[in-house]
Amino acid sequence: MNLWLKHVDEVEIVAPKTQNNSSIFKAYRHDDIKLTEVDSFSLLGILSCIKTLFVLPEILYRIYKAMKQADHIHLRCPGNMGLLGCLVQILFPNTAKTVKYAGNWNPNAKQPWSYKLQKRILSNTTLTKNCSVLVYGEWPKQTKNIKTFFTATYFEIEKEPIKERDYSNILNFVFVGTLSKGKQPLRAIQLVEDLVKSGREASLEIYGEGDQRDSLVKYIKLKHLSDYIILKGNQSAEVIKSAYNTSHFLILPSKSEGWPKVVAEAMFWGCIPITTPVSCVPWMLDYGKRGFIIDSNFKLESIVENTKHLKNMSHLASAWSRTYTLDKLELEIKKLLF
């Protein structure tokens, strides 16, 4: 968001306020910023729905008031606040708008009804006027306001020659993400575990924290995997960058993504992604030319023998990812605002 905020004179953010001291989050930076705090709400469960009925009028009023005085409306979707924003923005057809849809835009994806509703409203050019809806990936039969977009982590100046890997010896794998059921870190562990059992030397470093950590620790201990499966926790961007640089492969068997930044980051440094075909991932990987797509029968043993092919894939992955830099992202944002 700070790339957006640096190009405006004043900003008002309407959102619930939460406390998070994790090093992976950054504060908003702007000289003239106003936070309009609203109650958080949920539509899951009877009690939550009852509470929502009481707080909803005030939230809608605050969103309306902020939008009424705005020169540009920016929504972050999907989500509860995004849903309300989608509804209220209909009342401002003449105000310039952008929507960053950070979830899976695949029309055929199985998603909550609230996500589908947001996509329907945003795709309807009668309800959503004067708006660019920024989505990840290229999808057929989209309305004219839907625009393929991207995100980025690195600047042009950070481009360095990628490290040439040796795929014939010990293979280093990395997992970067929340340790949650949705990201499936256990499956990443089991894939490397099976590879080692087949006789190949390999290691897996896992970066991130989450509610699955304790169960992963128990599994590693139970299966005696601690010699080559290592939990690293949350680490700085520099540590993660070093991990991409020294690893042969990224494993991300996630159930749901928007634009998986860790996949693009790994590719930037020539680390070959191994991931599930969710959201725009197949498009990012050029349907298997820049990385490997996991299916239910996927085994690492099937991909590690053709070293020449792997070296070429590493270079293709890096070349593609390096077209999406923070410099380019900022230029594209400026085009949307002015």
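Overview of values
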| item | result |
| --- | --- |
| Scan of region 135-171 for residues that are outside any loop (DSSP other than H, G, I, E, B) and over 18 Å from VAL263 (Cβ atoms), ordered by number | ILE146, LYS147, GLU156, ILE157, LEU171 |
| Residue count, region 46-80 (criterion: among the aliphatic types (A, V, I, L, M) and in contact with a Phe, Trp or Tyr (Cβ under 9 Å, 6 or more places away or on another chain)) | 7 |
| Unmet requirement for ALA66, which otherwise passes all of (1) free of Cβ contacts under 8 Å to residues at least 12 places away in the same chain; (2) of a type in the set (A, V, I, L, M); (3) surrounded by 15 or more Cβ atoms within 10 Å (Cβ to Cβ) | (1) |
| Residue count for region 159-187, restricted to those that are closer than 30 Å to LEU3 by Cα and touching a residue at least 60 places away in the same chain (Cβ under 8 Å) | 9 |
| Hey, PHE92 touching a helix residue (DSSP H, G or I) at 6+ places or on another chain (Cβ under 9 Å), crowded, with 16+ Cβ neighbours inside 10 Å, more than 22 Å from TRP320 (Cβ to Cβ) and of a type outside the set (S, T, N, Q) or not | yes |
| THR151, sole failed condition from (1) among the hydroxyl-bearing types (Ser, Thr, Tyr); (2) touching a Gly at 6+ places or on another chain (Cβ under 8 Å); (3) at pLDDT below 95 | (2) |
| Number of the condition not met by LEU222 [criteria: (1) free of Cβ contacts under 8 Å to residues at least 40 places away in the same chain; (2) within 24 Å of ARG165 (Cα to Cα)] | (2) |
| Enumeration of residues in region 37-54 that are exposed (fewer than 14 other Cβ atoms within 10 Å of the Cβ) and β-branched (Val, Ile, Thr) | ILE46, ILE50 |
| Selection count where residues are β-branched (Val, Ile, Thr), outside any strand (DSSP E or B) and surrounded by 15 or more Cβ atoms within 10 Å (Cβ to Cβ), scope region 213-268 | 4 |
| Among residues of region 172-208, those that are assigned to a loop (DSSP other than H, G, I, E, B) and crowded, with 16+ Cβ neighbours inside 10 Å, counted | 8 |
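Residue-by-condition table, conditions (1) within 18 Å of ILE189 (Cβ to Cβ); (2) in the same structural domain as ASN130 (by TED's automatic domain parsing); (3) hydrophobic (A, V, I, L, M, F, W, C):
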position	(1), (2), (3)
TYR228	yes, no, no
MET267	no, no, yes
ASP286	no, no, no
GLU305	no, no, no
HIS309	no, no, no
ASN312	no, no, no
LYS328	no, no, no
LEU331	no, no, yes
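The values are calculated or read from the model by the stated rules, or taken from the named source; none is laboratory data. Predicted model, so just to flag it, every value in this text is computed and none were measured. Because the Cβ atoms are built from the backbone with ideal geometry, glycine has one as well, and the counts that use them run over all protein chains shown.
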